[in-house]
Each structure stands twice: as structure tokens, then as C-alpha cells.
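The structure appears right after this line, and notes come after that.
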Amino acid sequence: MMKMEEALRRQQECGDKVMYLVNSGHFYRGYGAASFALHNLMGYQIVSDTFKSVGKVFYSGFPVTQMERVQNEIVAKGGKFRKLDGGMTIEFSGIPTKVEDGVKIIDRHDTTPHARKAAENEKTSADGSLAEVIALSLERFLYGGERRLKMQINVVLEAEEKI
């Protein structure tokens with residue numbers, strides 16, 4: 001199964017003409033140029049995050065239940081689509097990656113109340129189906145829970161150090 005680093009490397013090798021969607025649990029994610037193509041194709045949000053292995057990366061994603069819809073859109077727009085690794089990785093091409101000025105990019109580490117509220121209220125696709133909204137809300141809830149748990153662990157560890 002392809003990982004983020006491999007997808008980014010392969011995309012760069014071919015000048016971002018071929019892009020990859022990588023399965024990550026119940027979601028597919030496109031990194032770099034693939035995130036811009038997904039935004040242009042489906043209207044999905046673009047998120048900015050920093051990873052130790054590759055630095056700053058833009059990504060976009062969608063629930064696996066939307067794969068057929070995304071595939072149909074790629075083909076309808078004249079693009080090419082191919083499943084790799086038994087469908088765990090998707091290779092596609094022929095979708096523009098240029099994003100218009102003013103497109104909102106969500107910073108994954110911006111945790112100000114205003115940024116969180118904006119991210120929660122932002123539609124993630126053109127149709128905003130209920131299943132998609134629920135899936136993304138669940139992802140945000142789980143991500144927030146993970147951060148709260150890490151903060152609680154740090155508080156306990158700091159308290160133990162003082163003892």
C-alpha cells in the first residue's frame with residue numbers, strides 16, 4: 001500500500017501530471033497536486049499540515065463511500081483513473097491542479113476558536129450530503145479527542161516529574 005511520502009515522490013517525478021489518492025482508514029487522501037485537483041473537481045477543502053518526513057503538505061480527502069462519485073467525475077471531465085494495490089491506491093490524471101487565488105486553505109494546526117468554527121461550518125463538497133457531513137464531523141471529533149488525550153497525558157507526566 002502506498003504511503004503519503006511515496007505518492008508525493010511519484011507525483012513530483014512525473015511533474016504532477018499523474019496523481020495519487022491513498023487510502024487512509026475510511027478515507028482517501030490526495031496530497032500536493034492531487035489535493036488541488038480534488039478541490040477543482042469536487043470542491044473539497046484543502047488542508048495544510050506539517051509532517052516530520054516531508055515538511056509542509058497540502059491534502060484533501062473524502063470518505064471511501066464517495067469513491068465511485070469521484071471516479072465518475074474524473075472520467076466525466078476527461079481524466080484517466082486506475083486502481084492500484086487492490087483499490088488501496090488510486091492513480092489519476094487529466095484534472096487541472098491550478099487553484100484560483102482566494103481559495104480557503106485550512107491550517108490543521110490553527111486551533112483558535114475562530115478557525116475551529118470556520119472549519120466546522122465549511123462545506124467539504126459541492127453537495128454536502130448528510131453522510132459526508134457526519135463522516136467529516138466524526139473525523140474532527142476524533143482528532144480533537146486525540147489532542148485532548150495527549151494534553152491530559154502531558155499534564156500527568158508533568159505532575160509526576162514534580163513529585
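Tabulated results
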{"read-out": "Residue pairs, from the table LYS17/LYS56; LYS17/LYS80; LYS56/LYS83; LYS77/LYS98; LYS3/LYS83, whose Cα atoms sit over 19 Å apart", "value": "LYS17/LYS56; LYS56/LYS83"}
{"read-out": "Those trypsin sites (Lys or Arg not before Pro) in region 45-75 that DSSP places in a loop and that have at most 13 other beta carbons within 10 Å", "value": "LYS52"}
{"read-out": "Net lengthening on full extension, SER24/GLU100 (0.36 nm per residue, minus Cα-Cα)", "value": "24.6 nm"}
{"read-out": "Using θ = phi - 60° and Karplus 6.51 cos²θ - 1.76 cosθ + 1.60, couplings along region 84-90 (whole Hz; Gly, Pro as x)", "value": "10, 6, x, x, 6, 10, 10"}
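FYI, it's all coordinate maths here, none of it is from the lab. This is a predicted model, so every value here is computed, not measured. Cβ atoms come from the backbone with ideal geometry, glycine included; neighbour counts cover every protein chain shown.
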